[in-house]
1. ³J(HN,Hα) across the range 74-90 via Karplus (A = 6.51, B = -1.76, C = 1.60, θ = phi - 60°), whole Hz, x for Gly/Pro?
2. Tell me which residues come under 5 Å, amide H to amide H, from residue 92 once H is placed; ignore anything under 5 positions away on its chain.
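Values in this text are rule-based calculations from the coordinates and carry no lab data. Computed from a predicted model, the values in this text were never measured in an experiment.
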Amino acid sequence: MKRFLYKIWSMFLTQFGKLKVLSFGFLPVLAYDPDPFYVTGYDIEHLLGILKPGDVLLRGYNKYLDGKFIPDNKGYSHAGLYIGKNQVVHAVSPCVEKCHVIDFCEADRIMVLKPKEGQGQALLL
């Protein structure tokens, strides 16, 4: 029974994470996965030139509903680890997956955290 409930919960979270809250005047409207995202191909091209294995990528969205439930996220709701060869490893319900960095960067904002001898540096796109 627990396994069944977990599967239902995972499916709910996956679909819930694709809802955006848009507003038309005073009326809030829910929309299912509308495009476009604000990170452009030029942004991703620049990013590909500076990424190194071990860099942490943070991504955020302007209107997705699930981001409203993450406290103090500073506008970023998801993280991934760049492992080289244009691949990012990240956790999505219900597993961990590897994807192309371009697919990971379909977002409204990206931040790169670059480890540097005990210090972190951030690059915002």
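1. 6, x, 10, 10, 8, 10, x, 10, 6, 10, x, 6, 6, 10, 10, 9, 8
2. Long-range HN contacts for residue 92: 97.
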